[in-house]
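**Student:** The structure under discussion is supplied below as structure tokens; questions concerning it will follow.
The values are calculated or read from the model by the stated rules, or taken from the named source; none is laboratory data. The structure displayed is predicted, hence computed values, not measured ones. Heads up, the Cβs are rebuilt from the backbone with ideal geometry, glycines too, and the neighbour counts pull from every protein chain shown. Accessible surface areas use protein heavy atoms only, side chains included; no ligands, DNA or RNA. Shrake-Rupley method; radii C 1.70, N 1.55, O 1.52, S 1.80 Å.
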Amino acid sequence: MTPRSWLYVPGHRDDRIGKAIDSAADAVVIDLEDAVPVHAKERALANALAALRTTPPERRIWLRLNAFGSSWLDNELAELAAAQVLPAGVRLPKAETPESVAATTDRLTCQVHAIIESAAGLLAAPAIAKCHPRVAGIALGEADLAADLRTEADGLAWARGWIVTAARAAGLSSPVQSVWTAVDDSAGLAETSRIGRAQGFFGRSVIHPDQIGIVNQAFTPSPEEQSRARRIVECAAASQAAGESAVLDENGRFIDPAVVANARVVLDRAEATAIRGVRI
């Protein structure tokens, strides 16, 4: 089950890593890339490996590695292989070609999320999504993408739809929504998360612990949503048991298979949330 909240923490800040692991975030992403200054890259990697060694595997820790073509990425891949400690997965930033993503993924034994942050990557997204069995997800890095496209975040609705389509066409999970950088604007975070979920995203990256509860709540099916989904699934099961070809809800409205499938997704997500405990 895809986590709802993915908390980024700078890898060179060992004082923050422990706090992130103890937070209510469903997953923690130790950042080795943008949030880490050049002089602290080695320390960030050492901190990340230490966290992987000392944290129970059920606590999902991901790593955001450095960009393709960098010496830092080569070193990170070598250190991960030598250390024989596995993160839950890694995020590969600035993914632009299926060949580079596949070659890097070959050197890993965990799940990979390819982060699309350029026009070239966006065009290649369908191929990137299918380039390797361990590529488990694709997502947008919206700040870099907007800069490359010479647009603003408000102009990326079409790109979001494209990335959702590319992911689902490849059989991948719904993409994780990009970060909301205005930490003090909790209303904006809640509203854009609601919109993101409606657009086909599930879960969201966050950059501050105060954002975790808002995102967890936004991507947790409400009691009303769960109740409606349960009624739809029960109506469908009752109609099929009775040998009826048409499925009608309690109000006499026709329910097609797609509606039933979506209802089952809601219930699956609610069940997964209950299993790991609702932390909002």
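**Student:** Gaussian network model of the chain, Cα springs within a sub-10 Å range: biggest mean-square fluctuation belongs to which of Asn251, Asn66, Asn47?
**Tutor:** Result: Asn251 has the largest fluctuation of those listed.
**Student:** Give me the percent relative contact order of the chain, please, defined on Cα pairs under 8 angstrom at least 6 residues apart. Intermediate values should be presented prior to the final figure.
**Tutor:** Details: 488 pairs, mean separation 42.3, N = 280.
Across the chain, relative contact order equals 15 percent.
**Student:** Using θ = phi - 60° and the Karplus relation 6.51 cos²θ - 1.76 cosθ + 1.60, list the HN-Hα couplings for the range 167-179 in order, rounded to whole Hz, with x at every Gly or Pro.
**Tutor:** So the Karplus estimates, Gly and Pro as x, are 5, 5, 5, 8, x, 8, 5, 4, x, 7, 6, 6, 5 Hz.
**Student:** Further question on the same structure: Given the whole protein assembly as supplied and a 1.4 Å probe, what does the accessible area of Glu96 come to in Å², nearest 10?
**Tutor:** The accessible area of Glu96 comes to roughly 80 Å².
**Student:** Under a GNM of the chain (C-alpha, springs under 10 Å), which listed residue has the highest mean-square fluctuation: Pro209, Pro57, Pro126?
**Tutor:** Pro57
**Student:** What distance in nm separates the simple spin-label points at Ala238 and Val38, each placed 7 Å from Cα in the Cβ direction?
**Tutor:** Inter-label distance under the simple model: 6.8 nm.
**Student:** Additional query: Mind checking the full-extension length gain between Arg150 and Asp106? Use 0.36 nm per residue of separation minus the Cα-Cα distance, one decimal, nm.
**Tutor:** Contour length minus Cα-Cα distance gives 12.5 nm.
**Student:** What FRET efficiency comes out for the pair Asp74/Ala272, r = Cβ-Cβ distance, R0 = 45 Å, nearest 0.05?
**Tutor:** The value I calculate is 0.80.
**Student:** Which trypsin sites (Lys or Arg not before Pro) does the range 139-225 hold that lie in a coil by DSSP with at most 16 other beta carbons within 10 Å?
**Tutor:** Hits after loop and neighbour filter: Arg150.
**Student:** Now a separate question. List the GluC sites (Glu not before Pro) within the range 11-71 that DSSP assigns to loop and that have no more than 14 neighbouring Cβ atoms inside 10 Å.
**Tutor:** Qualifying residues, ordered by number: Glu58.
**Student:** Quick one: among Ala159, Ala146, Ala258, which has the greatest mean-square fluctuation in a GNM of the chain with alpha-carbon springs under 10 angstrom?
**Tutor:** Result: Ala258 has the largest fluctuation of those listed.
**Student:** If each of Ala46 and Asp249 carries a label point 7 Å out from its Cα toward its Cβ, how far apart are those two points in nm?
**Tutor:** So the two model labels end up 5.8 nm from each other.
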